[in-house]
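**Q** There's a structure below that I have some questions on.
The values are calculated or read from the model by the stated rules, or taken from the named source; none is laboratory data. Because the structure is a prediction, the values reported are computed rather than measured. Positions of Cβ are backbone-derived with ideal geometry, glycine not excepted, and every protein chain shown enters the neighbour counts. For accessibility, only protein heavy atoms count, side chains too; no ligands or nucleic acids. Shrake-Rupley method; radii C 1.70, N 1.55, O 1.52, S 1.80 Å.
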Amino acid sequence: MLLDDDPVRAFMPHPPVAVSHAEEGPLSGLTLAVKDLFDVAGYRTGCGCPMKLAASDVRTTHAQAVERLLSAGARFVGKTHTDELAWSMFGMNAHFGTPINPAAPDRIPGGSSSGSAAAVAAGLADIALGTDTGGSVRAPASFCGIWGLRPTHGRISLDGCMELCASFDTCGFFARDGRTLLRVAEVLMAEDQAPLAQQIRLLRPLDMIERLGTEQQAVYERAFAGIATQSASIYPDTGADTLYQTYRVLQGRDAQRSVVPFIAASGMPLATGIDGRYEHARSLTQADQVPAEAVRTAFRDKIEGLLAGDGVLLAPVVPDVPFKLDLPTEAQDAYRHEAMRLLCVAGLAGLPQVVMPAGRVDGAPFGVSLIGPRGSDLSLIALARRLTEPRG
């Protein structure tokens, strides 16, 4: 960490190493925090795991996304905490601790990009890199009351970043406002491959919205009040559980090829949460994957047909505000399962989702989002900025 103080424990305690950046560029004047899944020259890459950190050499090159931001003028200030192997969504790391949520200090910050979200929310960095596999940018953005983007799958390079689940992993990022988020997106991406049409259909996914409680629905309605919308149905006829179970199978099969071999070979102790996901992933076979792939393909076709280049979903992000740090484990699991029924929509479809602050429930932040067509990332952020402007 290159800062004098870290009051929210967002940063890894790496010995500070200066990292050069361009003096001029589109991100000049902005400070950058980087999730400790990405390589930064002069630093080890720990991935939230003591055994990964011990085995890591000091990197001599930057991850491609880091290099782009530095070349655009962003100034690196440190590497941030993550859930162990990025395999959770709460930000509670049994080895390195839990960053403080600056917007709700008695509640979780969200993970696995916990440190990056906390650093931005606390004003310790203007922008931060994270990764989003199952919701690891979107959930902490909502929990910490900031902006975040899960981009179109495959749109931003993950070279130099730890792989968790290749068919879901994305390079996401945070900012405190939509304008800054768009500046970062313009550096990390080329022009939109499929920009939104001039005439846009704004869609209310009723079956996603109905999963919210009364107070959460009220925040959602206020966020999009006065906007002309059409109703839509997202989940397959068999329901949200089908999508969630499909995600679990496909994520687990991806993990079999990435982190499961490391866990098995290293003999690392398994913290609560990751132990169950590890055992589930190990149990899966090709026979499980084949029908799951068929569901994913059919779902992608359905959503792409629904959006058709001019449709945008006004979507909930998570079902509730971040829970308090002392919530029992069983209730934490119930929250995760319910949250994933919302978060898996963009993940399975491979679509961009931008999160923006919307309000508070029980004193804690609650965000809303837009999900757009594949390749519409930049115009989707621009639309989100317009929709959040004050309306008469």
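**Q** Might you check whether a residue that is closer than 29 Å to Met92 by Cβ, touching a His at 6+ places or on another chain (Cβ under 6 Å) and either assigned to a strand (DSSP E or B) or at pLDDT 95 or above (or both) occurs anywhere in segment 352-370? Break it down stepwise before answering.
**A** Our first condition is that a residue be closer than 29 Å to Met92 by Cβ; within segment 352-370, this holds for 352-370.
Subset that is touching a His at 6+ places or on another chain (Cβ under 6 Å): none.
The answer is no; no qualifying residue exists.
**Q** I want to confirm something. Restricting to segment 331-358 and keeping residues that are within 20 Å of Phe174 (Cα to Cα) and open to solvent by 30 Å² or more (accessible area, probe 1.4 Å), which single residue is nearest to the chain's Cα centre (by Cα)?
**A** The selected residue is Pro357.
**Q** Sticking with this structure for a sec: State which residue is farthest from Ser88 (Cα to Cα) when the search covers only segment 246-262 and only residues that are touching a residue at least 40 places away in the same chain (Cβ under 8 Å) and open to solvent by less than 20 Å² (accessible area, probe 1.4 Å).
**A** Here the answer is Thr246.
**Q** Considering only residues that are surrounded by fewer than 21 Cβ atoms within 10 Å (Cβ to Cβ) and under 19 Å from Thr82 (Cα atoms), which ones fall in segment 9-30?
**A** Correct list: Arg9, Pro13, His14, Pro15, Pro16.
**Q** Just the residues that are open to solvent by 30 Å² or more (accessible area, probe 1.4 Å) and within 18 Å of the chain's Cα centre (by Cα), please, taken from segment 359-377.
**A** Residue satisfying the conditions is Arg374 alone.
**Q** Oh, and also: Just a yes or no: is a residue in segment 222-239 in a helix (DSSP H, G or I) and open to solvent by 30 Å² or more (accessible area, probe 1.4 Å)? Walk me through how you get there before you give the answer.
**A** Looking only at segment 222-239, we keep the residues that are in a helix (DSSP H, G or I), and these are 222-223.
Next cut, open to solvent by 30 Å² or more (accessible area, probe 1.4 Å) only: 222.
Checked segment 222-239: at least one residue is in a helix (DSSP H, G or I) and open to solvent by 30 Å² or more (accessible area, probe 1.4 Å).
**Q** Pick from segment 310-325 the residues that are more than 15 Å from the chain's Cα centre (by Cα) and part of a loop (DSSP other than H, G, I, E, B): which of them is farthest from Phe90 (Cα to Cα)?
**A** That would be Asp310.
**Q** I would also like to ask the following. With the requirement that a residue be part of a helix (DSSP H, G or I), open to solvent by less than 30 Å² (accessible area, probe 1.4 Å) and aliphatic (A, V, I, L, M), what does segment 188-219 give you?
**A** Of everything in segment 188-219, those that are part of a helix (DSSP H, G or I), open to solvent by less than 30 Å² (accessible area, probe 1.4 Å) and aliphatic (A, V, I, L, M) turn out to be Leu188, Met208, Ile209, Val219.
**Q** Give the residue that is farthest from Asn93 (Cα to Cα), with candidates limited to residues of segment 275-297 that are open to solvent by 70 Å² or more (accessible area, probe 1.4 Å) and within 25 Å of the chain's Cα centre (by Cα).
**A** It comes out as Thr297.
**Q** What number goes with the only condition from (1) among the charged types (D, E, K, R); (2) crowded, with 18+ Cβ neighbours inside 10 Å; (3) more than 25 Å from Ala271 (Cβ to Cβ) that Arg59 does not pass?
**A** If we test Arg59 against (1) among the charged types (D, E, K, R); (2) crowded, with 18+ Cβ neighbours inside 10 Å; (3) more than 25 Å from Ala271 (Cβ to Cβ), just (2) comes out false.
**Q** Those residues that are hydroxyl-bearing (Ser, Thr, Tyr) and either open to solvent by 10 Å² or more (accessible area, probe 1.4 Å) or part of a loop (DSSP other than H, G, I, E, B) (or both), I need them from segment 71-117; list them, please.
**A** Residues satisfying the conditions are Ser71, Thr82, Ser88, Thr98, Ser112, Ser113.
**Q** What is the residue count in segment 286-298 for residues that are more than 13 Å from Leu250 (Cβ to Cβ) and free of Cβ contacts under 8 Å to residues at least 12 places away in the same chain?
**A** 1
**Q** Continuing with the same structure: Give me the pairs: first residue in segment 109-136 and more than 24 Å from Ala349 (Cα to Cα), second residue open to solvent by less than 10 Å² (accessible area, probe 1.4 Å) and of a type in the set (Val, Ile, Thr), beta-carbon distance under 6 Å, and six or more apart or on different chains, which are they?
**A** From segment 109-136, the pairs are Gly115/Thr80; Ser116/Thr80; Ala119/Thr80; Val120/Ile146; Ala121/Ile146; Ala125/Val77; Ile127/Val184; Ala128/Val120.
**Q** When segment 371-392 is examined, which residues are found to be within 9 Å of Pro352 (Cβ to Cβ) and outside any helix (DSSP H, G or I)?
**A** Of everything in segment 371-392, those that are within 9 Å of Pro352 (Cβ to Cβ) and outside any helix (DSSP H, G or I) turn out to be Ile371, Gly372, Pro373, Arg374, Gly375, Ser376.
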